Structures are given as structure tokens and as C-alpha cells.
Amino acid sequence: MIYHQYPLFNWRSKLVVAIVFGLSFFISPQLKSAPPNILFILADDLGYGDLGCYGRVDIRTPHLDRLAASGVRFTAHYANGPECTPTRTALMTGRYPQRIGGLECAIGTGNVGRYPDAVKLRERHALGLPPEENFLLNGLKQAGYLTAITGKWHLGYEPHFAPHLHGFDESFYCVGGGMDYFHYTDTVDEYNLFEDGKPVKTGGYFTDLLTDRAVSFLKRNHDRPFFLYVPFTVPHAPYQGPEDWTPDPIPTDGDLWNQSKGPKPIYRAMIEHMDLSVGRILSALESSGLDRETLVIFAGDNGGSKSGSNAPFSGFKGGTFEGGIRVPAFARWPGKINPGTISYQPCITTDWTASILKLANWNPPAEKPLDGMDIISHVVNHQPDQDRELYWRKPRGETVWQGLRKGNWKYVREINGQQSEAYLFNLDIDPSETEDLKTSMPEKFQELQSFYETWETESRRNRRR
């Protein structure tokens, strides 16, 4: 009938259309449309309950709340570690940080190794993430992405671990775990602010500086797909809001550097200013006409310290109770993810890497497979939630924290020298981990402990040390 309406559409035209239509079945989905831009925003020490969209009422976060409402908000998202370095390692590699070596806990201020493997690597100037292990950047660069970081790195103090050597086309960053927000020094008085591997002298509140760089990047780059990584230092100590400038760096032995004693008004001001900064970045994305072509991801790097709120969970940064590892996370992708989506799927930092590399149509070496699932496809395709096994291990000094979530069951163990305490929880009925079930359910406890021990042996077998 259509052909009668258009007589010039003859049999030759029909043949061409048929051939093209047939060939379309052999073209991969990634090639049918351009890969999206990726904007990945990471908060530092933000508690699960520190945002309005996760229940906080005394901190105003309208921009982040709006971002969460415009896409999918995850209720069971985990960081790959209860401290920042392991989670950042997991994001860059797409693999458990235990596989790398030396990065299972935060690198100490001034490039200090905090457990035996890390100490040995530090002695060889090898404490950091080797660029060849950075599958996220390797994959994105091979896929033609323009890449930039503006914010916190914390994956190696040594010059040969600098972000630009990992493949970032632009890099402006704090090299260590934390620094004075105005003077850029840490607790051992080392200068921490760098650009493309070189110290950069400037002035201003660090949250504003990194946001300015992000906005500038978005205004300048429209012709290639990009990956913009914005790891804030908020609300990590020292506790300084945008109005708290002092002529000299704040004393490193005072409460403002104590992660457990952040003054509530300052803690609130830091998060609210980060929210405004995210608003600026999203506004720049929109004004550049890139918002509908960009997947925006926001997540935390570990649970909040005692200065924040991990409600309704127990525990804090540093341990493997839920409060130390469960973090806020949400993603927006216009036209792909329905606004107002809530996901209860347990997921973890490495899942973002798996999703991003899938979108870039890049596969890791066969001998080093990724550990994450494609969480973006899971949401976009409305797939049913699935039980998973998620693991954690964090050594520091003589203490080792272990953790495993298997389905709704949770195994936690803290080893401190010759002493240890282990727990079994059912997160389905006890998400706050208040009732230890290991005595009443010894078989389930032994099952999870066995799973954990097998994973620990396997995941750390080929690590650097």
C-alpha cells in the first residue's frame, strides 16, 4: 500500500532497503548509536544518610536530590572498601582491590604503607596503582574518549603513579587522602595540589577550584565523547567550609583534622557547598547541550565517619558493618533510565566500571576479567534483582576487617592481633546488624565463612608484594 503511494519507490529501492535492513541485525547495539559521555562524581566520606534523598533533614542538598529523582537511586550500593584508596582502585580497575596489592586500605599521609604488603611496596617506591592495571582509562582511551580528572586521586604519591600517566588528558588533583582546603597541605605539611604531575600554585577553596575545572572542561569539549571524573574531597577532614579561610593552615593536631569530631555546622556547610557545586556542573552540562547525551553517576567512596550519618545502619568508615561500606549512589541517563526509579539490587563500585566499559565496547584481557556486573544495563533493561556475593577485606596495622554479603546474609569479622570477633546477620530482617545469629545458625555461619576464606585466598594469590 505504501509503495502505491510512492511510485518512484521501485523494486531497486526495495532491494537496497532490504539489504540495509538486513545488515542492521549484524551491527552491535554499541555501533547503532554514539557512546554516551560519562560524568562520574564521587564524594569522600559521605554517609549513607547524609543527603536529603536518603533521609537527612538538616542538610540541604536540592541539586543532588533532583539528580537522584531524575534517574535511578540505589538503596543497596556498596563501596569496594571502607576507606577511600581501595574503592578508587576498584573503580579504575573494575576488579577487587585485593588483586592489585598494597591498596586494600588508604595509603597513609606522606606515602605511608599501613600493612605488610603496602610497607614492602613503599620500600620499592611501588605503592600505588600501576597504569597498566587501569582498565577503565585504558578502555576509554582506546574507545576514543577524552578524559579528565578534577579532584582527589589518592592512588599513589610517587610521580610515576600520576593521573596523566594513567591516560587522563587533563588532570587537576589532590594527590593524597586529605588536605587543607585553602592551603593544600596535609598533616605532615606536604603540598598536595597538582596539575598533570606538577605542583600548581593557586588560591581559593578546593571544592570551588575543582568545580571550576569541571565547568571549564564541559564548556570546551563538545566534539568527542568524554569521561569527566570529579572526585570531591567533601566531607573528608579537615573540616573547613567555604567561609573558613585562615591566613595559615589549620593546626593538624586540632579537632578540625579529627575525622570523628567534625563540627556539625561546618560538616553541613561542606556538604551543602558540594551540592551547589554539583548544581554548577550540571548547569554547565545543560548549557553546553550535552545533558541528554551524558550518563551522570554519583556515589560515595566509603561509609561516613562518626562526624556524619550512616542511618539507618550501624558502623562507620573503616569497618565492614553496613555503615562503613554502604553508600549513597544514583545515576541519570535521559531517554534510557526512567526518572523516579528505585533499585534494590545489591551493587558495588566495580559495577560502574563494568557498565562504562560495556558502553565503550571494550573488553579486559582474558586473564584479568572484571569483577563487576553491568548495573546500568540491569536498570535500563528492567532486569529482575539477583542475589550476589560481595566481598570486603581491609587490613590496617594489626587489624583486619572482613566482610561478605551473600544474598541477604552478611558475614563480618574483625581480627585484632590474636583476638577476633565474627558475626552473622540477616539483612532482610535486620539491616542495622543488631542481632548476631552465628550461635543460633552455625551452619549458615560456617557456609559464609568458608565462602569468604576461599575468596580471600583466590583474590590475593597473584597480588604485588
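Which of the residues spanning region 196-223 are in contact with a Phe, Trp or Tyr (Cβ under 7 Å, 6 or more places away or on another chain) and either surrounded by 19 or more Cβ atoms within 10 Å (Cβ to Cβ) or not hydrophobic (A, V, I, L, M, F, W, C) (or both)? Passing the criteria: Pro199, Tyr205, Phe206, Thr207, Leu210, Arg213. Taking the criterion of being assigned to a loop (DSSP other than H, G, I, E, B) and closer than 28 Å to Gly407 by Cβ, would at least one residue in region 88-95 satisfy it? Looking through region 88-95, at least one residue is assigned to a loop (DSSP other than H, G, I, E, B) and closer than 28 Å to Gly407 by Cβ.
The C-beta contact set for region 36-48 (first residue farther than 16 Å from Cys84 by Cβ, second residue acidic (Asp, Glu), distance under 8 angstrom, 6+ apart or interchain) comprises Pro36/Glu293; Asn37/Glu293. Of the residues making up region 99-120, those that are among the β-branched types (Val, Ile, Thr), part of a loop (DSSP other than H, G, I, E, B) and within 16 Å of Pro159 (Cα to Cα) number 2.
Note on region 29-54: among residues that are among the hydrophobic types (A, V, I, L, M, F, W, C) and more than 30 Å from Gly319 (Cα to Cα), the one that is modelled with the lowest pLDDT is Leu31. Summed over region 148-166, the residues that are surrounded by fewer than 24 Cβ atoms within 10 Å (Cβ to Cβ) and assigned to a helix (DSSP H, G or I) give a count of 5.
Scan (1) over 24 Å from the mean Cα position of the chain (by Cα); (2) among the polar types (S, T, N, Q); (3) assigned to a strand (DSSP E or B) for the single condition Ser440 breaks and write down its number. Just one mismatch for Ser440, condition (3).
Applying the condition of being of a type in the set (Ser, Thr, Tyr), closer than 26 Å to Leu129 by Cβ and touching a residue at least 40 places away in the same chain (Cβ under 8 Å) to region 414-465 and asking which residue is surrounded by the fewest Cβ atoms within 10 Å (Cβ to Cβ) yields Ser459.
The numbered conditions (1) at pLDDT below 95; (2) part of a strand (DSSP E or B) are all true for His222 except (2).
The values are calculated or read from the model by the stated rules, or taken from the named source; none is laboratory data. Please read all numbers here as calculations on a predicted model, not as lab measurements. Note that we place each Cβ from the backbone using ideal geometry, even for glycine, and neighbour counts take in every protein chain shown.
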